[in-house]
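The values are calculated or read from the model by the stated rules, or taken from the named source; none is laboratory data. Quick caveat: nothing in here was measured; it's all calculated off a predicted structure. Here the Cβ is made from the backbone with ideal geometry for all residues, glycine too, and neighbour counts use every protein chain on show. Note: accessible area is taken over every heavy atom of the protein model, side chains too, but ligands, DNA and RNA are not part of it. Shrake-Rupley method; radii C 1.70, N 1.55, O 1.52, S 1.80 Å.
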Amino acid sequence: MATKKNLQQTYNKSVIMKRAWVIFRKSNGKVTWSDALKQSWEITKNGITTEDFDAIYKKYYNQVYFFVNGRLFNNAIVAEEITNDVFMKAYKHLENYDVMKSQVNTWLFTIAKNSVIDYSRSKGYKNSNNTELIDGYV
């Protein structure tokens, strides 16, 4: 576990502020100062920007899809929905990703695993299993 002193040595605050200022100025009022700071912190923390996320999506979409589909016993429609939700959650919380804790694919698979668990606990999943059993019986 990193101590506060180690974190201060790892992250140079003046570099973060300067980068945020550049982002803010280049946006011509489209980005707030708070969002510019978040983007600067995101780049400093993990080196991934929102622009890089398109490449991550293309690289890992099939892997995450097959992971989810295998956990759902080949329910392709639901697996596609959950996979898209995984990438939406990852994009929304990109600033929380820390390269020092895990690799990108590990982070995505953790989100996928938790999303499958959430789906299996949902009413939609429980209702779908009941109708499949009834249809199979009739």
If each K or R counts +1 and each D or E counts -1, the residues other than Lys45 whose Cβ falls under 9 Å of its Cβ total -3
For segment 23-69, what % of the accessible area comes from carbon and sulfur atoms, probe 1.4 Å? 54
Past the 31 Å Cα-Cα mark, which pairs from Lys92/Lys123; Lys38/Lys123; Lys101/Lys123; Lys30/Lys123; Lys13/Lys113; Lys13/Lys58? Lys38/Lys123; Lys101/Lys123; Lys30/Lys123; Lys13/Lys113; Lys13/Lys58
Please state the charge dipole magnitude for segment 40-127, taken about the Cα centre, from unit charges on C-beta atoms (+1 on K and R, -1 on D and E), reported in debye and rounded to the nearest 20. 440
Descending Cα extents along the principal axes, segment 28-87, whole Å: 47, 20, 15
Computed ³J(HN,Hα) along segment 57-71: with the Karplus parameters 6.51/-1.76/1.60, θ = phi - 60°, integer Hz and x for glycine or proline, the list is 4, 5, 6, 10, 4, 5, 4, 5, 4, 5, 4, 5, 4, x, 6
